[in-house]
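Coordinate-derived values only; no laboratory data. Because the structure is predicted, anything quoted here is derived from the model rather than measured. Here the Cβ is made from the backbone with ideal geometry for all residues, glycine too, and neighbour counts use every protein chain on show.
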């Protein structure tokens, strides 16, 4: 098997030694780790096709992997059967940029920041943006339907995709790289693979949407008394500024304190402390002065700071991007409810957690503009009781008609828990799709289903 793989991708791109394979076998948070037979690093779609076809013949499972920055254990082996890790990192080419069609075609191994940079060089914007954008890869972003901070204006990763190229579980290639905004010719097959976490096929390339770059931007750090005030502020900003709002992030004081403790060079943006903050981003065509004037008027009497330079804006966003690593070892949740129910979720989950675990310390932050919260719970001593903590948070989410996974996927982390939150019919339909496309169950087994 190793020799056959080497004949396809070159011997140097089949990794077998423990020191070479270790980074591929353990997830970013070091919560999931298992060995596989090897790591294979193809350089072209044709090589991916031949590798997957070989695995199908030999009954070896395939674990597709991008930047391995996921938080749900979806990109690493389970160790329960013969597996290999298929790393897409060598497939990192920008194939085409069509500025007139506002599209970019990128291979799955392209780092997200590289796609953003290629769009910028073409005078366009690729709006998908998240904390791991310097290392996560576009294939992983699409396979998990990543969200990020700009969902409020531009939508999830799914909304950025016009076409896909996918290697199916038997090795055949679906050539769906179409840059069409209208294609009403039957089932929209691309949506089967977006958010499927590599369980139905391997995304090897995508045609992505581009947008005009705003000529003026504004970044504001705003103090609010509580989450309800944040939601009400969002409604007011929508009324007064409309689509100029691209991001609206809620940050608790606990999260800010954690960042300052983790990186002492971080400065508190405001003089007076507040229990909650909002980090908002705005974009418009026209002058920065006019946009800043509109933002200041819309904010009214709120205690806020408006970045006066790109560097000040980066400093504010650096606070938000540092939150995950600043509270690395705690019980993490990626949940969503209707925007109007965000305050109820925070209140109900917090009350139930404090009743069960008086020592608990919630770290709440996230994309309030689209109802997605990262409701993380410390201290680290609660990690052994993660299942109990999860159950409390997920119950509060379910009571409000929400979802237990907003943008991180199910992976291994929520594979069993999802049975409590989806109907038997939904699970049956998902299994039917899996069986139809991957009858041997070789694509990323033990994830999602």
Original post:
Pairing the Cα long axis of helix 310-326 with the longest principal axis of the chain, what angle in degrees results, from 0 to 90 and rounded to the nearest 10?
Top reply: 60
**OP:** Considering Cα pairs under 8 angstrom that are at least six residues apart, work out the relative contact order of region 297-449 and quote it in whole percent.
**Re:** 24
Original post:
Which length gain, in nm to one decimal place, applies between residue 352 and residue 383 when the Cα-Cα distance is subtracted from 0.36 nm times their residue separation?
Top reply: 9.4 nm
Original post:
Under Stokes-Einstein, with the Kirkwood radius over Cα pairs standing in for Rh, what whole-number D in µm²/s applies to region 216-326 at 10 °C and 1.306 mPa s?
Top reply: 112
Original post:
What ranking of 423, 33 emerges when the number of other C-beta atoms within 10 Å of each C-beta is taken as an exposure proxy, fewest first?
Top reply: 423, 33
**OP:** Give the distance, in whole Å, between the Cα centre of region 218-275 and the Cα centre of region 127-204.
**Re:** 30
Original post:
Which FRET efficiency value, to the nearest 0.05, do you get for residue 329 and residue 289 by plugging their Cβ-Cβ distance into 1/(1 + (r/R0)^6) with R0 = 41 Å?
Top reply: 0.35
Original post:
If we count other beta carbons within 10 Å of each Cβ, what is the order of 95, 431, 294, fewest first?
Top reply: 431, 95, 294
**OP:** Enumerate the whole-percent occupancy of each 10 Å bin, from 0 to the last occupied one, for all C-alpha pair distances of region 28-75.
**Re:** 22, 49, 27, 3
Original post:
If you average the sequence gap of Cα pairs under 8 Å that are 6 or more apart and divide by the length of region 94-212, what percent do you get for the contact order?
Top reply: 32
**OP:** Take region 50-147, drop everything but the C-alpha atoms, weight them equally and run the Debye formula without solvent; then report log10 I(q)/I(0) at 0.11, 0.16, 0.24 Å⁻¹ to two decimals.
**Re:** -0.38, -0.72, -1.21
Original post:
What is region 216-326's relative contact order, in percent, from Cα pairs under 8 angstrom and six or more apart in sequence?
Top reply: 46
**OP:** Quick one: check the C-alpha center-to-center distance for region 422-448 versus region 305-334, whole angstrom.
**Re:** 37
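Calculate the all-directions average of the projected area of the chain's alpha-carbon convex hull, and give it in nm².
On the way: hull surface 87.1 nm².
Its average projected convex-hull area is 21.8 nm².
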Original post:
Dividing the convex hull volume of the Cα atoms of region 138-193 by its residue count, what figure in Å³ per residue is obtained?
Top reply: 97
Original post:
Considering region 155-246, what Rg and Dmax in Å follow from its alpha-carbon atoms?
Top reply: 19.2, 55
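Kirkwood hydrodynamic radius (Cα pairs, Å) of region 343-401?
That comes to 11.7 Å for region 343-401.
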**OP:** For helix 253-262, report the angle its Cα long axis makes with the longest principal axis of the Cα atoms of the chain; keep it between 0 and 90° and round to the nearest 10°.
**Re:** 60
Subject >> Rg over Rh, two decimals, region 67-213 (C-alpha only, Kirkwood Rh) >> reply: 0.95
Original post:
So what's region 2-87 giving for Rg/Rh, alpha carbon basis, Kirkwood Rh from the mean inverse pair distance?
Top reply: 0.94
Original post:
Once you treat every alpha carbon in region 364-449 as an equal point and sum by Debye, what is log10 I(q)/I(0) at q = 0.16, 0.20 Å⁻¹?
Top reply: -0.77, -1.06
Subject >> Proxy reagent accessibility, fewest Cβ within 10 Å first, across 427, 91 >> reply: 427, 91
